[in-house]
Amino acid sequence: MNDVLITGADLAGQGRADLLIRDGRLVDPADAGVDVERMDADGLIALPGLVDLHTHLREPGREDAETHDSGTRAAARGGFTAVLAMANTTPVTDTAEAALHIAALGRQAGHAQVIPVGAVTKGLDGAELAELGLMARSAVQVRVFSDDGHCISDAGLMRRALEYIRAFDGVIAQHAQDPRLAGAHACCHEGEVSGRLGLPGWPPAAESTIVARDVQLAALTGSRVHVCHVSTAETVDVLRWAKARGVKITAEVTPHHLLLTTDEVLGYDPTFKVNPPLRPEEHVRALQDGLADGTIDAVATDHAPHARHDKQHAFAEAAFGMVGLESALAVVVETMVDTGRLSWSGVAQRTSVVPARIARLSGQGRPLSVGEPANVTLVDPTARAVVDADNTASLSRNNPWHGRELPDPVVATFWAGRQTYRR
Ligand code: DOR
């Protein structure tokens, strides 16, 4: 592999500098040889490679929607050097063998680090704990456990899981949604739009009541809870209260919840059917404020690719979810940077440093200094483009940004010193 010298990049808060990549690491730029490959980064910003706490890769089981190859290619195009692969595959990632298999598929694909998330309960059935200890102590050392797509609604089971994972510094990433409040047929936010459209919805309280409960279980057990895809103002209030008391709770927000509102659903377009649902404007503002002040720790995509035949149905019958890896940073720039809510060093924190810390990844989210792994995302802060759902590495087209002009920030991605994407 050739050495790469990136010249004149703005290191998001650390000033301008050159970066020399050699053998997967950052080394002293003064050591650059004559045959070094040069990349002029004048006007560009260098971020530590992005880390996504919440990706659905669909392999094994639904390779028609996404594979490790297509999904990690999409990740690299989005500036990500690591993705946590959610456990709701077929079979479910609920054993050490399954977790090892996910990591191996990721290594074969080779476009980003793939870290398996372990299921909390066997088969995601919410009844019996999965092999948490065996997954944690396996060669892939699973640290993040989630039944994402399903809420661990049984408080006793959630308490036991939290007590168990404390021994290996794990974290439970909760899909906070009380099933009794959401109901089996709910498909959008409960409010004026759902009433007008005649669609069953679920209220914000279905989320925030579970988060309030889990805050208290985190305090009771001294264990770590992470809240997946926060979507309501009430949840942000609960998180703020919990953090002020020193409870070990972290949270993520998706790009789509930072920008899109319930109004997207007015046309019954199933592209905008997602779980948790798109919420009214006042919730979107609260999520942006929460991300700006650190109440929400991280941005995570909930990249949820679906085959056309699962998504192109009447709204009530379509699958939940939208793709998100390739446009995540674009939406963060649009909602948080270009509006003055977040600095570029804040972006580095929320998209790389903090997610790596939550997942206990030692080689990701590191400062761009000599000796560190060369995980680097180069960003053009001014470029814009119209999103085209067909211009993608993903196998799926359920893209809520299609036809919309957004920032087009990612210029190049380097994972462990290797260029995984270049525009
Ligand atoms: O919209 C969603 N889709 N939300 C989830 O929690 C799961 C995901 C999926 O797996 O498709």
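The values are calculated or read from the model by the stated rules, or taken from the named source; none is laboratory data. Only a predicted model underlies this, so the values are computations on that prediction, with no experimental measurement involved. For neighbour counting, all protein chains shown are included, and Cβ atoms are generated from backbone atoms with ideal geometry for every residue, glycine included. All accessible areas refer to the heavy atoms of the entire protein, side chains included, with ligands and DNA or RNA removed. Shrake-Rupley method; radii C 1.70, N 1.55, O 1.52, S 1.80 Å.
Under the Kirkwood approximation for Rh and a Cα-based Rg, what ratio Rg/Rh is obtained for region 174-306?
Rg/Rh: 0.97.
Using Cα pairs closer than 8 Å and at least 6 residues apart in sequence, work out the relative contact order for the chain, in percent.
20 percent
For the chain, take the longest principal axis of its alpha carbons; what is the angle in degrees between that and the long axis of helix 205-221, to the nearest 10 within 0 to 90?
In the chain, helix 205-221 runs at an angle near 70 degrees to the longest axis.
With every protein chain kept in place and ligands, DNA and RNA left out, what is the accessible area per residue of region 223-286? Probe 1.4 Å, answer in Å².
It amounts to 32 Å² per residue over region 223-286.
In Å and on Cα atoms, what radius of gyration and Dmax does region 240-377 show?
Radius of gyration, then largest Cα-Cα span, for region 240-377: 16.7, 54 Å.
Roughly what % antiparallel, to the nearest 5, for the DSSP beta bridges in the chain?
Percentage antiparallel, nearest 5: 45.
For the chain, report the % of Cα-Cα distances exceeding 39 Å.
I get 14 percent for the Cα pairs in the chain exceeding 39 Å.
Calculate, for region 1-156, the solvent-accessible area per residue in square angstrom, rolling a 1.4 angstrom probe over the heavy atoms of the protein chains.
That works out to 38 Å² per residue.
Can you compute the modelled spin-label distance between residue 154 and residue 386, with each label point 7 Å from Cα toward Cβ, in nm?
5.3 nm
Return one whole number: the accessible area per residue of region 308-401 in Å², for a 1.4 Å probe.
Computed with neighbouring chains in place, this is 39 Å² per residue.
Please report the accessible area of residue 281 (heavy atoms, 1.4 Å probe, ligands and nucleic acids excluded) in Å², nearest 10.
90 Å²
What is the packing order of peptides 253-260, 344-351, taking the mean over residues of other C-beta atoms within 10 Å and listing the highest first?
In decreasing order of mean packing, 253-260, 344-351 become 253-260, 344-351.
Give me the number: length gained by fully extending residue 97 to residue 14, i.e. 0.36 nm times residue separation minus the C-alpha to C-alpha distance, one decimal in nm.
Full extension from residue 97 to residue 14 adds 25.7 nm.
Distance between Cα centroids, region 1-63 to region 341-398: provide it in whole Å.
Using only Cα atoms, the two centres lie 11 Å from each other.
Could you tell me the relative contact order of region 33-168? Use alpha-carbon pairs under 8 Å, at least six residues apart, and round to a whole percent.
Relative contact order comes out at 20 percent.
What size of dipole, in debye to the nearest 20, comes out for region 300-423 about its Cα centre when the only charges are +1 on Lys and Arg C-beta atoms and -1 on Asp and Glu C-beta atoms?
Dipole of region 300-423, to the nearest 20 debye: 400 debye.
Just the number, please: carbon plus sulfur as a percent of the accessible area of the chain, 1.4 Å probe, no ligands or DNA/RNA counted.
Accessible surface attributable to carbon and sulfur in the chain totals 48 percent.
To the nearest 20 Debye, how big is the dipole of the chain about its Cα centre, given +1 on the beta carbon of each Lys and Arg and -1 on that of each Asp and Glu?
Result for the chain is approximately 840 debye, rounded to the nearest 20.
Would you kindly give the portion of the calculated P(r) for region 36-141 that falls above 20 Å, as a percent of all Cα pairs?
Tail of the P(r) past 20 Å holds 43 percent of the pairs.
When the scattering of region 125-167 is computed by the Debye formula from its Cα atoms alone, each counted once and equally, what is log10 I(q)/I(0) at q = 0.22, 0.29 Å⁻¹?
-0.76, -1.16
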